[in-house]
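The values are calculated or read from the model by the stated rules, or taken from the named source; none is laboratory data. Predicted, not measured: the structure shown is a model, and the values here were computed from it. Cβ coordinates were reconstructed from backbone atoms using ideal geometry, including for glycine residues, and neighbour counts include every protein chain displayed. For accessibility, only protein heavy atoms count, side chains too; no ligands or nucleic acids. Shrake-Rupley method; radii C 1.70, N 1.55, O 1.52, S 1.80 Å.
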Amino acid sequence: MSRHKKKNFELENVLIEGIAAEGNAVAHIDGKALFVPQCVPGDVVNVFVCKDKKKYMQGYVTEIVKKSPDHLEPFCEHFGTCGGCSWEILPYPMQLENKRQQVVDQFVRIGHLEIPESGVEPTLGSEKTTCYRNKLEYTFSNRRWVENKEEADSLSDSEKLGVGFHISGLFDKVLDLKKCHLQCEPSNEIRLFIKKYSIDKGLSFYDLRNQVGFMRNLMIRITSTGEIMLLVVFGPDAIKNCSDSKFTPKAEALELLEAIRVKYPQITSLQYCLNPKCNDALGDLPCVVYSGNDAVYEKMENLSFKIGPKSFYQTNSDQAYRLYSIVRQAIKDNYTKDSKPVVYDLYTGTGTIGLFLSHMAEKVIGIEYVPEAIEDAKVNARNNNIGNAEFIAGDMKDILVPDFIKGHGTPDIVVLDPPRAGIHPDVAQVLLDTAAPLMVYVSCNPASQARDLEVLSKKYRIVRIQPVDMFPHTVHVENVVTLKLKEQYTVVRKEITEYVENQILPQYNNYDKGHQQGHIRAVIDSAMHLSHFYDVDKEMIYTAAAFHDIGICEGRENHHIVSGRIIRDDRNLKKWFTAEQIEIIAQAAEDHRASSKNEPRGVYGKILAEADRQIDPETVIRRTIEFGQANEPEYDKEQQWQRMCNHLEEKYGENGYLKLWIPESPNAAKLAELRKIIADKVELRRIYEKYVD
């Protein structure tokens with residue numbers, strides 16, 4: 001009888017090594033990653049493993065054997081149960097660095113993106129790490145979360161009621177909050193008053209499973225100017241004639257609102273909503289003003305923004321200002337035209353970013369899905385005497401089409417701030433086709449942002465990556481990426497780039513893994529960069545790079561020669577280049593495989609050969625090992641080591657025969673790095689042991 005592997009077990013004295021994706025701490029057990037929440041690097045813990053997969057394990061701490069010196073005491077009594085501020089135990093500088101690393105990991109792992117030389121900038125921290133949110137939403141529940149089942153069974157009906165946040169992973173369980181540190185008072189006071197009033201008056205709390213109840217949700221906004229909005233969402237039991245399409249509240253609901261108004265006269269906008277639906281979305285439901293104004297107003301520099309109950313506004317007001325300032329500075333640093341730009345503000349919300357940029361733009365076009373937010377954006381424009389901003393409501397993929405751009409003007413700058421899911425593929429394609437010179441992509445989800453940027457990288461290069469901490473003590477990070485249109489799409493004739501994009505590059509999809517479109521695009525980008533250092537025709541460089549591997553269609557051995565022949569025979573190229581220029585382009589393609597003994601015939605060939613060569617130290621070492629094992633299988637481990645050392649020294653060493661055709665190439669720095677490793681036999685041996693069979 002075979003013995004089944006034990007799925008759940010405990011591990012003792014586990015040393016936490018670092019922070020991984022999704023904010024979990026990570027350790028390694030016998031080479032397998034173990035993910036554990038609510039730990040700090042340096043903690044020694046006992047862990048109950050609840051999931052054991054082939055490549056990783058997940059578990060939770062049963063005992064902290066020894067705390068790390070960096071392990072802080074949580075300041076919130078709900079820490080560990082609420083799940084919101086899961087990094088309270090982590091020093092704030094470590095939080096910021098882990099958020100920066102999160103962006104790095106997702107851009108490299110998900111987007112396979114080329115990080116600019118400056119790297120990912122340090123995360124811009126928040127001056128306030130508590131009481132920083134301007135908006136919180138609470139849920140009423142008739143069965144609040146109680147960890148101990150026996151305790152839950154012994155509670156009275158009123159003791160089972162709660163108002164607070166949903167427990168992560170449990171849709172029908174709500175943590176009853178005593179004090180939340182995310183929003184300043186009177187946020188907690190208002191919530192606790194309404195809870196007590198509702199219990200005293202016998203108003204039923206929402207049943208999340210059966211979807212009945214009187215009290216359903218609360219939403220509290222507190223602006224930086226001190227205005228307060230309270231939205232009370234009543235459930236179906238608070239509605240007269242719930243089957244009637246014209247909902248009206250019961251007297252008890254109005255009595256509650258009056259009690260709130262009297263108790264908290266500082267509330268500037270008291271509203272309610274009647275929600276009989278099976279979901280909490282309010283987009284299709286009216287919000288009714290009980291007292292005060294229909295909105296609150298947020299200030300930013302000399303601008304005032306109207307925020308209604310359904311409006312989106314960044315929930316950390318202070319960091320929102322810093323975020324928008326980063327967007328503005330990105331435009332100042334990278335927009336080079338003398339004339340004012342046409343700015344498209346996509347997913348504009350209430351128009352905040354677009355209006356913030358309006359003074360430096362010829363005009364702003366804002367698009368947003370939520371009609372109420374667009375109406376607020378229009379009001380914001382009028383209230384701020386801004387006449388060069390136009391706002392349109394609708395689904396982005398349906399609105400942002402070629403005819404729309406034709407009618408509203410081609411953008412010079414596109415600002416994107418989409419929801420967590422990122423942008424629709426149709427939107428990405430329109431952006432690629434439109435080819436605005438500058439794009440600034442703001443995202444609350446670097447993972448979906450990385451996916452989108454992988455698509456946009458066909459025509460855009462990343463020039464700056466700036467994470468911003470909007471939510472201290474959480475794993476979430478906002479990220480601002482500045483993108484510039486690659487030079488070939490600004491200096492090369494459109495008919496040439498369209499021909500290459502539509503007719504030439506797709507052919508590479510049929511070739512081997514090393515000669516796919518991604519490789520060709522990388523060579524084009526590198527060649528265009530290197531062309532800056534020489535007096536060469538950039539259209540010719542672009543064309544040579546695009547065609548340099550096209551001869552793979554007839555096999556790898558002589559593909560460079562075949563590429564030259566294809567270039568000479570191409571009828572379209574003869575429309576754009578002279579016979580002499582075509583010959584130079586063909587020779588460059590033929591010379592892109594030039595060895596150190598056979599120098600390319602001209603500067604075009606040198607640029608292309610250098611652009612095609614990527615010297616990554618560890619990759620060079622790995623391939624040298626693999627070549628030796630494949631071609632000298634009779635060598636033992638130490639003989640393979642010596643063969644590798646000899647080859648690396650002969651080719652890449654200080655006196656090696658490898659030649660750099662273009663001294664300005666990034667390969668120069670990589671070669672220096674490789675030579676340093678070759679000279680350091682301890683480090684070289686470490687890499688060797690990593691890859692040798």
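Details
- For GLU63: the one exception among (1) buried (at least 19 other Cβ atoms within 10 Å of the Cβ); (2) without any contact (Cβ under 8 Å) to a residue 24 or more places away in the chain: (1)
- Among the strands (runs of 3 or more DSSP E) confined to the range 86-204, there are none with at least 2 residues that are free of Cβ contacts under 8 Å to residues at least 12 places away in the same chain and touching a Pro at 6+ places or on another chain (Cβ under 8 Å).
- Hits in the range 570-592 - residues which are touching a Pro at 6+ places or on another chain (Cβ under 9 Å), assigned to a helix (DSSP H, G or I) and either on the phi > 0 side of the Ramachandran plot or open to solvent by less than 20 Å² (accessible area, probe 1.4 Å) (or both): ALA588
- Cβ separations smaller than 6 Å between residues 6+ apart or across chains give the following pairs from the range 548-563 residues that are surrounded by 14 or more Cβ atoms within 10 Å (Cβ to Cβ) to residues that are modelled with pLDDT of 90 or more and of a type in the set (Ser, Thr, Tyr): HIS548/SER563; ILE550/SER563; GLY551/SER563.
- No other residue among GLU159, GLU137, GLU117 is of a type in the set (Asp, Glu), surrounded by fewer than 20 Cβ atoms within 10 Å (Cβ to Cβ), within 25 Å of LYS310 (Cβ to Cβ) and out of contact with any helix residue (DSSP H, G or I) (no Cβ under 8 Å at 6 or more places or on another chain) apart from GLU137.
- Flag for ARG521 being within 27 Å of ILE115 (Cβ to Cβ) and basic (Lys, Arg): yes
- If only residues of the range 366-393 that are in contact with a Leu (Cβ under 9 Å, 6 or more places away or on another chain) and not in a helix (DSSP H, G or I) are counted, the one that is nearest to ASN302 (Cα to Cα) is ASN384.
- Of all the listed residues (LEU155, LEU113), the sole one being modelled with pLDDT under 95, of a type in the set (A, V, I, L, M, F, W, C) and more than 30 Å from TYR313 (Cβ to Cβ) is LEU155.
- Annotation note: Cβ proximity below 9 Å between a residue of the range 504-518 that is closer than 17 Å to ILE566 by Cα and open to solvent by less than 50 Å² (accessible area, probe 1.4 Å) and a residue that is in a helix (DSSP H, G or I) and of a type in the set (Lys, Arg) (sequence gap 6+ or interchain) occurs for LEU505/ARG521.
- Residue within the range 462-481 that is among the acidic types (Asp, Glu), surrounded by 19 or more Cβ atoms within 10 Å (Cβ to Cβ) and modelled with pLDDT of 95 or more present: yes
- Note on the range 520-551: residues that are over 12 Å from LEU608 (Cβ atoms) and part of a helix (DSSP H, G or I) amount to 10.
Here's the yes/no breakdown for (1) buried (at least 18 other Cβ atoms within 10 Å of the Cβ); (2) in contact with a Phe, Trp or Tyr (Cβ under 9 Å, 6 or more places away or on another chain):
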{"position": "TYR313", "(1), (2)": "yes, yes"}
{"position": "ASP318", "(1), (2)": "no, yes"}
{"position": "LEU323", "(1), (2)": "yes, no"}
{"position": "ARG328", "(1), (2)": "no, yes"}
{"position": "THR336", "(1), (2)": "no, no"}
{"position": "LYS340", "(1), (2)": "no, no"}
{"position": "TYR344", "(1), (2)": "yes, no"}
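- Matching residues, the range 593-637, being open to solvent by less than 50 Å² (accessible area, probe 1.4 Å), modelled with pLDDT of 90 or more and in a loop (DSSP other than H, G, I, E, B): PRO600, GLY602
- Here is the figure for the range 24-38: residues that are closer than 26 Å to PRO91 by Cα, without any contact (Cβ under 8 Å) to a residue 40 or more places away in the chain and not in a strand (DSSP E or B) total 1.
Residue-wise test of (1) crowded, with 21+ Cβ neighbours inside 10 Å; (2) touching a Gly at 6+ places or on another chain (Cβ under 6 Å); (3) closer than 30 Å to LEU355 by Cα.
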| position | (1), (2), (3) |
| --- | --- |
| THR225 | no, no, yes |
| PHE234 | yes, no, no |
| ASN241 | no, no, no |
| LEU285 | no, no, yes |
| LYS306 | yes, no, yes |
